[in-house]
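Trainee: This is the structure I have questions about; it appears just below.
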Amino acid sequence: YQTLYICLETVSKLMAPISPFYADRLFTDLITVTGRDKAESVHLSDFPKCNEAMIDKTLEEQMQIAQDISSMVLALRRKVNIKVRQPLQTIMVPVTDIRQKEHIEAVKNLILSEVNVKELNFADNSAGILVKKIKPDFKKLGPRYGKVMKQLAAAIQAIYTHIRLEDYRVTQEDIASLEQNGSFAFNLDGLEGVIVSDDVEIISEDIPGWLVANEGRLTIALDITVTDELRKEGLARELVNRIQNLRKSSGLEITDKIRIAMVPAPEMNGTIYDYADYIQKQVLAESIEMKENLPDATELDLDDFKLYVNIEKV
């Protein structure tokens, strides 16, 4: 209860500027019970002070990675028009160091739940699974290396196009080194120089059946292959969503049980057979019955085909 009082007291102070009278009543009621604050009004009390010792930097980093990977995966889904309700099989993450891998491992289940993907696997950058390129930012490089800019441009372009120059050879390991260390040293026509990560954009090429995205030191690859089993599971989730909407529009209570009747559809038959128990449990249905004739059925547009469904309260 003490923790609850502290939370409510803090909330009353935070909401005081926008709801002064209610916040003051909440505050005075709380201090009457707890005696934690001697102020007569919430508007005369001290604002909560931040205890920086309570800040968990590691947790913040992990949650930032979870947000970044989730955003990248959802963006790739939108790119190929795959809904979040359609499950996918794999996210692959080439890790740059052990710390990054540990952070991702800590929030892996959260990421998979958020983006509806079944597994997240790690890949070593040196495994050669992803081919990376470097795109230079000449506005930043020009002021530092103006005298050899032409040669430098050719050298970096060689990295970008994977052309091997006789006097400048770079490998995927060099690019990995730039990602890990934040800099890459070179010697060009006797001039020693350093390219830092802010001077370039590192891009990963898509691989067959996968889409790749980059954000800073983070790279992900998403398997966009929808197998027959994944397609069925996606259709089951979509049907649950549509039936839940039917329940709501029909004025049914959350606890009301229903019966489902639908006109057979070749595209849906396998899904109903494999996922009948899941569908019934999610929508509180006692049965799913196939009928050739449903005059009062509701038409559901499931993108590639139409399904005619009727629900009734038990």
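Trainee: Counting other Cβ atoms within 10 Å, which GluC sites (Glu not before Pro) in segment 245-307 have at most 10 and lie in a DSSP loop?
Mentor: Glu253, Glu292
Trainee: Expected output is a single nm value to one decimal: the length gained when fully extending between Ile207 and Leu59, i.e. 0.36 nm times separation in residues minus the C-alpha distance. What is it?
Mentor: On the way: separation 148, 0.36 × 148 = 53.28 nm, distance 3.24 nm.
Gain in length upon complete extension: 50.0 nm.
Trainee: Skipping prolines and chain starts, which residues have an amide H placed within reach, meaning under 5 Å, of the one on Glu201, given they are 5 or more residues away or on another chain?
Mentor: HN-HN under 5 Å from Glu201: Lys135, Asp137.
Trainee: Also, I was wondering about something else. Quick one: ranking Phe305, Phe122, Phe21 by accessible area, 1.4 Å probe, largest first, what do you get? Mind showing how you got there, number by number?
Mentor: Numbers: Phe305 20, Phe122 55, Phe21 180 Å².
Correct descending sequence by accessible area is Phe21, Phe122, Phe305.
Trainee: Are there GluC sites (Glu not before Pro) in segment 14-63 that DSSP marks as loop and that have at most 16 other Cβ atoms within 10 Å, and which are they?
Mentor: On the way: sites: Glu40, Glu52, Glu60, Glu61; in loops: Glu40.
Those satisfying the criteria are Glu40.
Trainee: Name the lysines eligible as straight-distance cross-link partners of Lys13: C-alpha to C-alpha under 17 Å, and not fewer than 8 places from it in the same chain.
Mentor: Lys38, Lys49
Trainee: Let me ask another. Run the Debye formula on the Cα coordinates of segment 1-128, all scatterers equal and no solvent, and tell me log10 I(q)/I(0) at q = 0.10, 0.16 1/Å.
Mentor: Log10 of I(q)/I(0), two decimals: -0.58, -0.81.
Trainee: Relative to the present Cα-Cα distance, how much length would full extension add between Glu40 and Ala297 at 0.36 nm per residue of separation? Present the calculation step by step, with values, prior to reporting the outcome.
Mentor: Values: separation 257, 0.36 × 257 = 92.52 nm, distance 6.33 nm.
Computed gain between Glu40 and Ala297 is 86.2 nm.
Trainee: Can you run phi through the Karplus equation (6.51, -1.76, 1.60; θ = phi - 60°) for segment 234-243 and list ³J(HN,Hα) in whole Hz, with x for Gly and Pro?
Mentor: Per-residue couplings from phi come out as x, 5, 4, 5, 5, 5, 4, 4, 5, 5 Hz.
Trainee: Around Leu300, which amide H atoms from residues at least 5 apart in sequence, or from another chain, sit under 5 Å from its own amide H, with H modelled in the peptide plane?
Mentor: Leu307, Tyr308, Val309
Trainee: Oh, and also: Each label point is 7 Å from the Cα along the Cα-to-Cβ direction; what then is the distance between the points at Leu14 and Ile98, in nm?
Mentor: Each label point is offset 7 Å from its Cα along the Cβ direction, giving 3.8 nm.
Trainee: Suppose all protein chains stay in the model; what accessible area per residue would a 1.4 Å probe give for segment 212-314, in Å²? Show your work: numbers first, answer last.
Mentor: Values: 5820 Å² over 103 residues.
That works out to 56 Å² per residue.
Trainee: A follow-up question, please. Just to verify a number: what accessible area does Asp303 come out at with the full protein assembly present, 1.4 Å probe, Å² rounded to tens?
Mentor: Only protein atoms counted, so the area is about 110 Å².
Trainee: Evaluate the distance, in nm, between pseudo-label points positioned 7 Å from the Cα of Arg259 and of Ala106 along their respective Cα→Cβ axes.
Mentor: With each label placed 7 Å out from Cα toward Cβ, I get 5.4 nm.
The values are calculated or read from the model by the stated rules, or taken from the named source; none is laboratory data. Here the structure is a predicted model, which is why all the values come from computation and not from measurement. Here the Cβ is made from the backbone with ideal geometry for all residues, glycine too, and neighbour counts use every protein chain on show. For the accessible areas, the whole protein counts, side chains as well, though only heavy atoms, and no ligand, DNA or RNA atoms are used. Shrake-Rupley method; radii C 1.70, N 1.55, O 1.52, S 1.80 Å.
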